[in-house]
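Heads up: the structure comes next, in structure tokens.
Every number here is computed from the coordinates shown, using simple stated rules; none is lab data. Just so it is clear, the model here is predicted, and its values are computed rather than measured. FYI the Cβ positions are ideal-geometry reconstructions off the backbone, even for glycines, and counts take in every protein chain you see.
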Amino acid sequence: MPIRWLPYALIAPAALFLGVLFVIPLVQTGALAFQVHDAWALGNFTRMTGDLNFADALRNSFQLVLVAVPVQLCLAMGMAMMLRHLQRGRAIVLWVWSIPLGISDLAAGLVWLTILTDQGYLNSVLFHLGVIAAPEGWLTYETPFALFMAVAIAEIWRATAIVLLILVAGVQMLPKEYGEAAAVFGASPWQAFTKVTLPLLRPSIQSALILRTVLAFEAFAVVMALGGRNFPVLVSEAYAWKHFNQDTGVAAAYALVIMAISVAATLVFLRLLRTPVEQQT
Amino acid sequence: MTLRRGIFLSGIGVISAWVLLPIWLIAASAVGGQGQISAWPKPLWPAGGTLDGLASFLAIEGVWKATANSVAVALLTMAMAILLGAPAGYALARFNFRGANLFRVLVLMTRAFPVAILALPLTVSFIRFGVYDTAFGVALMHTTLALPFAVLVSASLFQAIPRELEEAAWVFGCTRWQAAMRVVLPLALPGIVATAIFAFVISWNEVFAASVLTVRNRTLTAYLLAVLSESPMHLQFAGGFLLIVPSVLFIFLVRKHLFAMWGIANR
């Protein structure tokens, strides 16, 4: 019977690859972060937390996630519900709405830079409307709130599409009868949505939230394109320590912080939004 | 009723504009050249498209090379992700074997970890093994991002193909290998092509790992990030536009498979 070893032979290349290029680097990052000059020490972490930008980076990253992710979820939910009621042209609308899925965060940052830069389109429109008389700066360190909004808008513009796709995939699997039953028993559309659709979409909402939160903590090029280092986030600091200071140790410490936050966020969502046993199929 | 319908349709129009207008504006900035960038206030309907902006961007030394590097890295990533991922997906779909769940967990786990944590130590080991600053090295890193996706999606593709078809081929004298190649693979091919395209896009769009793993042989994203602070605006916009074009094209090509892929890969 050659069958017994066959599946192992089939997964071996992939498993080996992930072992060498995923598990080993993971361990090595830990070693890099906790070592200074080949001796075990916490020096990298004290240097990281002692850095002026650390507190800002941590706060900015959290603010970005706390603003962008909920907006993305609500927006995508609204879009998914609109698609449900669209009879003709559904495919084309869905395609248009999922275009940003293929756009990198660097490109998204540059896209919004064309709009928000001093001589950009937003200022031009405001000028034509008579709101401003001369170019207004939105992306400087003197306008932290506007800069934050710019980054958040670019993130929302780019990444709502992923949430939308996950939710639409979830909506397609809902049995139509549930909605009809709710209507028969006199539920208003809003009641049917909150009492029937939302609870049934819980698994989709959960995976969308996990994916988006992890990826939003990784957002970095969009920030670099729009604000440079005026708006530090955790990953841009890791990049700066590696790239400008040639200090892999501190960069690795940042990477560990990002990983800890990602894993914690994943566990929180798994626990908060777990599917009740009676709903599992 | 017609009023509600009107509000509904204009809502769809507003969201579509929110998605498309920024792309139109960067396209206009990219082809408009320096004149369009420095114009103030800008005409709301960009005047006359010349390809000056794009042409001058492509004329810069290093841009072509970076673009070629990006394509090479993405093609390598695509090939490795499919060649390693499709057999593993087939194994998960067709066999019940001890360790299958462990493997699945390893694959799923990769998604929870940030790129930074993988890329940083690789700079050290890549120098040691002589693949630092090469397209192949970046592709190795990108494959760790694309491979989990390729495994999970191809597993679901193979699961959707009835086992009976394969068994019938065995009855008619095909070996396991022949049956897989002649019966299963052709049926799974459209999905596998779509997965490959996605692997390409994942690699094409990746910034962090490409930036720390290259110095001279930069990919387009790494190049753009490196010159971000020192290059004039119109070149940045041309670069951004160049980044977007293939992505949008690819999303169009795989539009039929979007759900199958994202619905499954993110369960």
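Would you mind checking region A:74-99 for residues with the amide N under 11 Å from a putative spin-label position 7 Å along Cα→C-beta of residue B:20? Residues A:93, A:96-97 qualify, since their backbone N sits under 11 Å from the label point. Ranking of A:38, B:133 by neighbouring Cβ atoms within 10 Å, starting from the fewest: A:38, B:133. Helix-only arithmetic for chain A: the sum of -39500 (n - 2.57) across DSSP H runs with n ≥ 4, divided by the residue total, places the mean residue ellipticity at 222 nm at -22000 deg cm²/dmol. For chain B, modelled as a GNM whose springs connect Cα atoms under 10 angstrom apart, the maximal fluctuation among B:114, B:190, B:41 occurs at B:41.
Put simply, when B:216-223, B:180-187 are sorted by average Cβ atoms within 10 angstrom per residue, most first, you get B:216-223, B:180-187.
Under 28 Å of direct C-alpha separation, and excluding same-chain neighbours fewer than eight residues apart, residue A:242 reaches these lysines: B:65.
Peptide A:146-159 has a mean shielding of 1, counted as Cβ atoms of other protein chains within 10 Å of each residue's Cβ.
Listed from fewest to most Cβ neighbours within 10 Å, the set A:231, B:208 follows the order A:231, B:208.
Counting only chymotrypsin sites (Phe, Trp or Tyr not before Pro) that are in a DSSP loop and have at most 13 other C-beta atoms within 10 Å, tell me the longest site-free stretch of chain A. By the stated rule (loop sites, at most 13 other Cβ atoms within 10 Å), A:6-140. Take each residue of peptide A:165-177, count the partner chain Cβ atoms within 10 Å of its Cβ, and average: the result is 2. Of all stretches in chain A that contain no GluC sites (Glu not before Pro) in a DSSP loop with at most 16 other Cβ atoms within 10 Å, the longest one is A:143-281.
Per residue of peptide B:234-247, the mean number of Cβ atoms on other chains within 10 Å of the residue Cβ is 4. Packing-based ranking of B:79-90, B:241-252, B:58-69 yields B:79-90, B:241-252, B:58-69, ordered from highest to lowest mean Cβ neighbour count within 10 Å. Rounded to 0.05, the FRET efficiency of the residue A:118 and residue A:39 pair, given R0 = 60 Å and the Cβ-Cβ distance, is 0.75. Dividing the alpha-carbon radius of gyration of region A:1-41 by the rule-of-thumb value 2.2 N^0.38 Å gives 1.86.
For chain B, the alpha carbon positions stretch 73, 68, 32 Å along the principal axes, listed from largest to smallest.
A simple spin-label model places the labels of residue B:96 and residue A:49 5.1 nm from each other, with each point 7 Å out along Cα-to-Cβ. Working from label points 7 Å from Cα in the Cα-to-Cβ sense, the residue B:3 to residue A:8 distance is 7.2 nm.
For chain B, the mean residue ellipticity at 222 nm estimated from helices alone is -25000 deg cm²/dmol, where every DSSP H run of n ≥ 4 contributes -39500 (n - 2.57) and the total is divided by all residues, rounded to the nearest 500. At an R0 of 22 angstrom, the distance between the Cβ atoms of residue A:185 and residue A:66 translates into a FRET efficiency of 0.05. For the protein assembly as shown, the spread of Cα coordinates along the three principal axes comes to 79, 72, 45 Å, biggest extent given first.
Each label was represented as a point 7 Å from its Cα along the Cα-to-Cβ direction; for residue B:125 and residue B:59 these points are 4.5 nm apart.
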